[in-house]
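Okay, so here's the structure we're looking at.
The values are calculated or read from the model by the stated rules, or taken from the named source; none is laboratory data. Note that the structure is a prediction, hence the values are computed from the model and not measured. Note: ideal-geometry Cβ built from the backbone for every residue, glycine included; neighbour counts use all protein chains shown.
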Protein chains: 2
Amino acid sequence: MIQINEINTSHINQIIETRGFLHQVRRTGKQAFLVIRDQMSSIQGIAYVDGQKISKEMIQFIGNIPKESVVDIKGIVIAVEKPVESCTQSNIEIHVHEIFVVSRAISRLPLQIEDAMRPDGDDNLAKVNLDTKLDHRVLDLRTPTNQAILNILSSFGELFILILRENKFRMTFVPHMISCASEGGANVFELKYFLSTAYLAQSPQLYKQMGIIGGRKRVFVMGPVFRAENSNTHRHLTEFNCLDLEMQFYLHYHEVLDTLCQIMVSIFKMLEQECQEEINIVARQYPAKPFEYLEPTLVLTFTEGVQMLRQAGVTMGDHEDLTMANEKLLGRLVKIKFGTDFYVLDKFPLAVRPFYTMPDPEDPEFSNSYDFFMRGEEIMTGGQRIHGFEMLKASAIAHGVNLDSIRDYLNAFQYGVPPHAGGGIGLERVVMLYLGLPNIRMASMFPRDPKRLTP
Amino acid sequence: MIQINEINTSHINQIIETRGFLHQVRRTGKQAFLVIRDQMSSIQGIAYVDGQKISKEMIQFIGNIPKESVVDIKGIVIAVEKPVESCTQSNIEIHVHEIFVVSRAISRLPLQIEDAMRPDGDDNLAKVNLDTKLDHRVLDLRTPTNQAILNILSSFGELFILILRENKFRMTFVPHMISCASEGGANVFELKYFLSTAYLAQSPQLYKQMGIIGGRKRVFVMGPVFRAENSNTHRHLTEFNCLDLEMQFYLHYHEVLDTLCQIMVSIFKMLEQECQEEINIVARQYPAKPFEYLEPTLVLTFTEGVQMLRQAGVTMGDHEDLTMANEKLLGRLVKIKFGTDFYVLDKFPLAVRPFYTMPDPEDPEFSNSYDFFMRGEEIMTGGQRIHGFEMLKASAIAHGVNLDSIRDYLNAFQYGVPPHAGGGIGLERVVMLYLGLPNIRMASMFPRDPKRLTP
């Protein structure tokens with residue numbers, strides 16, 4: 001058994017056996033043409049009545065196999081004269097000797113793969129809308145575009161872990177059921193926990209910090225986070241995967257910022273190597289300009305960002321957070337001026353950051369915290385954390401945080417705390433922006449939003 | 001700044017600077033002895049009044065620094081004449097010139113690190129019971145033993161991913177909030193999901209299978225699973241991490257079983273290389289015999305296992321599941337006969353397996369499914385899955401599964417399904433058994449059980 005993407009011209013005139021989904025089948029008299037698809041690859045097969053191996057009845061049988069059935073075919077690899085445009089294997093085809101239906105699909109599929117893989121356009125060809133795709137996600141996932149997106153999601157996750165491990169970060173496992181709504185009570189899912197109540201963690205923030213206080217040097221957490229936010233936008237999910245990291249530093253939190261920039265650039269580089277075919281396939285259905293970045297990463301201060309916006313006519317205060325529109329605009333301005341889709345804003349105003357954010361010692365209106373942007377949207381937020389008990393307590397009170405809800409976290413700061421900083425990335429959002437996809441749901445295998453809990 | 005474990009005899013007579021938790025401090029007249037600890041490493045420091053760098057007041061100051069404070073010390077590395085038994089750096093010490101308190105701990109800690117790291121024994125020295133340790137987990141995690149266990153947990157997770165990636169398995173992200181209680185309604189956490197109800201996934205089983213049906217070849221999922229089971233035992237948690245995998249196969253499910261065995265053996269081998277120091281440190285506090293395994297892995301049939309038990313005097317039916325006591329006994333019998341702590345039982349009776357289990361085509365009383373055992377406890381369960389729609393539906397009905405609760409899953413089997421098999425491992429349980437720890441809570445950073453939702 002050989003996989004479709006492994007067949008090449010060295011197999012010409014050899015008998016091979018392969019398995020795949022029956023992508024297309026067409027019977028014309030004594031012949032049947034078929035296309036077998038396996039992930040991002042496809043190959044054409046031809047069966048014709050030859051008086052020996054293939055009978056007329058066999059051709060009829062083949063013509064009636066429902067599309068998307070899993071089939072094994074055995075046959076001889078033949079070089080074609082005219083390239084087979086519709087297949088990734090365009091120089092060869094298989095002259096089928098035997099075909100075996102491993103698993104038969106129903107005849108009336110809820111969507112057609114060729115419709116689901118078609119780029120948007122003005123032509124009159126059938127398309128499948130996103131909701132229908134997601135309703136029948138198992139079929140929809142079979143398109144080469146979705147196989148490519150899933151590969152990129154996998155690679156992003158795997159490379160993140162590989163690169164962090166090289167940088168001495170250690171995989172860390174934190175609880176997702178917690179006793180209190182960790183970062184404010186809003187937008188948190190609540191559940192019955194035996195005789196009491198638990199909440200689903202909105203981020204691993206407090207626990208990865210407790211890991212550091214527990215003596216860990218560099219930790220990363222990879223796992224789901226849960227947001228009960230009733231946001232029905234192109235970029236919100238109620239469950240998504242977070243790549244979170246936290247590290248001790250010695251002199252300055254820029255040790256952490258530099259590490260984060262290097263990690264992201266390493267991932268981008270390795271993605272380009274590992275997933276170039278995937279990136280091209282996705283761009284054919286969802287056209288987007290290639291993702292550009294600089295090395296070293298462009299780091300601007302928040303104040304510099306505000307200045308660029310003001311020069312472009314925006315009116316805003318020094319300590320005001322960026323609106324989404326201004327984020328987008330700043331992304332375009334940065335792209336024009338510096339030629340990068342990836343940059344960092346450092347030194348955010350303290351007032352717009354969470355209670356555990358370390359103020360800038362040189363200007364307490366600002367903070368030692370940063371956001372990372374891709375194509376003008378925030379993908380990672382992070383910073384130095386307050387490591388002193390009294391300072392943290394005062395900040396929590398000033399932010400109106402219920403101290404009882406962070407009791408274990410707060411108490412941990414009484415036991416000696418190494419200075420630390422970190423950040424968290426939303427995986428699906430990064431992949432959406434990296435590929436320039438129009439909707440985050442396309443970057444999630446089985447997305448969850450306020451209106452979708454299935455499949 | 002150099003880390004404590006990086007200091008060596010080449011630094012003798014050099015001035016170095018290091019950071020750590022103040023493990024011990026003792027003042028005697030004009031001298032202060034201290035021990036600085038960083039994860040699994042420690043080094044002795046001595047400060048004495050020399051009329052220049054260190055004053056009498058300074059000695060007093062050092063003597064009053066609370067234990068567990070984070071301190072930076074600067075000083076000269078000196079070879080010692082008599083080994084320092086209490087430190088991992090036993091051949092050198094630091095003559096302190098400067099000390100800086102980075103973060104001060106409170107004076108009255110809820111537990112003492114030296115008590116928490118003491119092995120159980122008949123001596124009269126103070127110990128800390130498990131509940132107290134877990135109540136103050138952030139401090140408890142600082143013991144060298146717990147740092148070692150956390151390293152082993154990290155390595156297990158990271159190596160699992162590395163090895164699966166080498167074997168072409170792809171990291172896959174599945175939802176944890178699902179619309180129906182997937183595998184029977186019992187023991188499932190329920191939550192409000194906007195206007196409806198959701199459940200926390202008890203396993204990624206159905207979704208990783210839907211990934212395969214969606215065209216993926218080999219997938220793995222790493223993440224939390226949730227069990228609302230009111231079991232207060234040494235080996236149950238309500239939230240734990242599952243390493244789950246699923247793969248298409250071509251001819252026989254033993255392609256999968258062989259792959260799983262090779263993956264586990266690879267992990268064991270790499271753990272021994274990567275974590276030998278950790279394994280030794282843990283064994284000092286929790287003595288256990290070294291973990292033994294064979295290569296290739298011992299695979300017995302369930303029937304062979306039953307025969308061994310019967311020869312040892314057990315009475316049980318051919319198609320009866322193993323009780324926990326019989327699992328343990330069989331583990332001991334296998335260890336005596338074959339000299340391994342790790343083995344597989346294949347071909348479980350069909351009646352004791354979940355509805356999606358493929359019957360053995362040669363004997364429908366049995367099934368193409370297996371359990372993996374470590375030190376006589378099950379760590380992985382898996383098998384070939386039914387891939388035919390009608391067969392799966394009939395099996396679900398026979399098992400009393402509410403078809404509506406698995407509608408999306410069941411429907412997916414109408415679209416052509418590649419034959420597949422897989423399995424799932426509980427991370428914490430594997431690490432507990434690998435190290436021979438007496439309680440699974442020791443193998444979880446912040447464990448969750450029916451009575452514990454904090455810290």
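Looking at (1) in contact (Cβ under 8 Å) with a residue 40 or more places away in the chain; (2) under 28 Å from B:LEU410 (Cβ atoms); (3) within 34 Å of the chain's Cα centre (by Cα), which is the one condition that is false for A:SER103?
Going through the list (1) in contact (Cβ under 8 Å) with a residue 40 or more places away in the chain; (2) under 28 Å from B:LEU410 (Cβ atoms); (3) within 34 Å of the chain's Cα centre (by Cα), A:SER103 breaks only (1).
Each row is one residue, and each column tells you yes or no for (1) part of a loop (DSSP other than H, G, I, E, B); (2) under 31 Å from the mean Cα position of the chain (by Cα); (3) facing chain A (nearest Cβ under 8 Å).
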residue: B:ILE397; (1), (2), (3): no, no, no
residue: B:SER405; (1), (2), (3): no, no, no
residue: B:PRO418; (1), (2), (3): yes, no, yes
residue: B:ARG429; (1), (2), (3): no, yes, no
residue: B:TYR434; (1), (2), (3): no, yes, no
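Here is a list of conditions, (1) surrounded by 13 or more Cβ atoms within 10 Å (Cβ to Cβ); (2) more than 28 Å from the chain's Cα centre (by Cα); (3) among the acidic types (Asp, Glu), and A:ASP321 meets all of them except one; can you say which number that is?
Condition not satisfied by A:ASP321: (2).
Would you pick out the residues in region A:20-54 that are small (Gly, Ala, Ser) and either buried (at least 17 other Cβ atoms within 10 Å of the Cβ) or within 18 Å of A:PRO144 (Cβ to Cβ) (or both)?
Within region A:20-54, A:GLY20, A:ALA32, A:SER41, A:SER42, A:GLY45, A:ALA47 qualify.
If B:GLY75 satisfies every condition in (1) buried (at least 16 other Cβ atoms within 10 Å of the Cβ); (2) in contact with a helix residue (DSSP H, G or I) (Cβ under 7 Å, 6 or more places away or on another chain) but one, which is the exception?
Going through the list (1) buried (at least 16 other Cβ atoms within 10 Å of the Cβ); (2) in contact with a helix residue (DSSP H, G or I) (Cβ under 7 Å, 6 or more places away or on another chain), B:GLY75 breaks only (2).
For residues that are part of a loop (DSSP other than H, G, I, E, B) and more than 8 Å from chain B (Cβ to nearest Cβ), scanning just region A:436-446, find the one that is nearest to A:THR145 (Cα to Cα).
A:LEU437
Is there any pair with a first residue in region A:136-148 that is acidic (Asp, Glu) and a second that is outside any helix (DSSP H, G or I) and surrounded by fewer than 23 Cβ atoms within 10 Å (Cβ to Cβ) whose Cβ atoms are under 6 Å apart and which are 6 or more apart or on different chains, and what are they?
Listed by first residue and then by second, the contacts come to nothing, as the list is empty.
Could you check how many residues of region A:180-215 are facing another protein chain (nearest Cβ under 7 Å), part of a loop (DSSP other than H, G, I, E, B) and crowded, with 19+ Cβ neighbours inside 10 Å?
Total meeting the criteria: 3.
Within region A:391-424, how many residues are out of contact with any Ser or Thr (no Cβ under 9 Å at 6 or more places or on another chain), aliphatic (A, V, I, L, M) and surrounded by 19 or more Cβ atoms within 10 Å (Cβ to Cβ)?
The total comes to 3.
When you scan region A:54-62, do you find a residue that is at pLDDT below 95, more than 14 Å from every other protein chain (Cβ to nearest Cβ) and in a loop (DSSP other than H, G, I, E, B), even just one?
Taking every residue of region A:54-62 in turn, at least one turns out to be at pLDDT below 95, more than 14 Å from every other protein chain (Cβ to nearest Cβ) and in a loop (DSSP other than H, G, I, E, B).
Within region A:347-370, track down each residue that is part of a strand (DSSP E or B) and either buried (at least 18 other Cβ atoms within 10 Å of the Cβ) or not acidic (Asp, Glu) (or both).
Once the filter is applied, which keeps residues that are part of a strand (DSSP E or B) and either buried (at least 18 other Cβ atoms within 10 Å of the Cβ) or not acidic (Asp, Glu) (or both), region A:347-370 yields A:PRO349, A:THR357, A:PRO359, A:ASP360, A:PRO364, A:PHE366, A:SER367, A:SER369, A:TYR370.
Examine region B:217-240 for a residue that is in contact (Cβ under 8 Å) with a residue 60 or more places away in the chain, surrounded by 23 or more Cβ atoms within 10 Å (Cβ to Cβ), within 10 Å of another protein chain (Cβ to nearest Cβ) and of a type in the set (S, T, N, Q), and state whether such a residue exists.
Within region B:217-240, one or more residues are in contact (Cβ under 8 Å) with a residue 60 or more places away in the chain, surrounded by 23 or more Cβ atoms within 10 Å (Cβ to Cβ), within 10 Å of another protein chain (Cβ to nearest Cβ) and of a type in the set (S, T, N, Q).
Assess whether A:VAL96 counts as being in a strand (DSSP E or B) and surrounded by 15 or more Cβ atoms within 10 Å (Cβ to Cβ).
The answer is yes for A:VAL96.
Give the residues of region A:114-151 that are more than 19 Å from B:PRO175 (Cβ to Cβ) and aliphatic (A, V, I, L, M), sorted by residue number.
A:ALA116, A:MET117, A:LEU125, A:ALA126, A:VAL128, A:ALA148, listed by residue number.
Take the conditions surrounded by fewer than 16 Cβ atoms within 10 Å (Cβ to Cβ), closer than 27 Å to B:ILE213 by Cα and of a type in the set (A, V, I, L, M) and apply them to A:ILE12. Does it pass?
no
Let me confirm something: among B:LEU130, B:LEU153, B:LEU141, which residue is more than 8 Å from every other protein chain (Cβ to nearest Cβ) and either over 14 Å from the mean Cα position of the chain (by Cα) or modelled with pLDDT of 95 or more (or both)?
Going through B:LEU130, B:LEU153, B:LEU141 in turn, the sole match is B:LEU130.
Out of B:VAL84, B:VAL77, which single residue is in a strand (DSSP E or B), more than 20 Å from A:VAL417 (Cα to Cα) and at pLDDT 95 or above?
B:VAL77
Could you please tell me which pairs satisfy a Cβ distance under 8 Å, a separation of 6+ or placement on different chains, a first residue in region B:309-333 that is among the acidic types (Asp, Glu), and a second residue that is part of a helix (DSSP H, G or I)?
That search, which allows pairs on different chains as well, returns B:ASP318/B:THR303; B:ASP318/B:VAL306; B:GLU320/B:VAL352; B:ASP321/B:VAL352.
Could you grab me the full set of residues in region A:378-395 that are aliphatic (A, V, I, L, M), more than 12 Å from chain B (Cβ to nearest Cβ) and in contact with a helix residue (DSSP H, G or I) (Cβ under 9 Å, 6 or more places away or on another chain)?
If the condition is that a residue be aliphatic (A, V, I, L, M), more than 12 Å from chain B (Cβ to nearest Cβ) and in contact with a helix residue (DSSP H, G or I) (Cβ under 9 Å, 6 or more places away or on another chain), then A:ILE379, A:MET380 are the ones that fit.
Go over the candidates A:ARG284, A:ARG353 one by one and state the one that is touching a strand residue (DSSP E or B) at 6+ places or on another chain (Cβ under 6 Å) and basic (Lys, Arg).
Testing whether each residue is touching a strand residue (DSSP E or B) at 6+ places or on another chain (Cβ under 6 Å) and basic (Lys, Arg) leaves just A:ARG353.
From (1) under 21 Å from A:THR381 (Cα atoms); (2) within 18 Å of the chain's Cα centre (by Cα), pick out the condition that doesn't hold for A:LEU294.
(2)
Restricting attention to helices (runs of 4 or more DSSP H) lying wholly within region B:223-315, give those where 1 or more residues are touching a helix residue (DSSP H, G or I) at 6+ places or on another chain (Cβ under 9 Å) and closer than 30 Å to B:GLN205 by Cα.
Here the list reads B:254-274, B:302-311.
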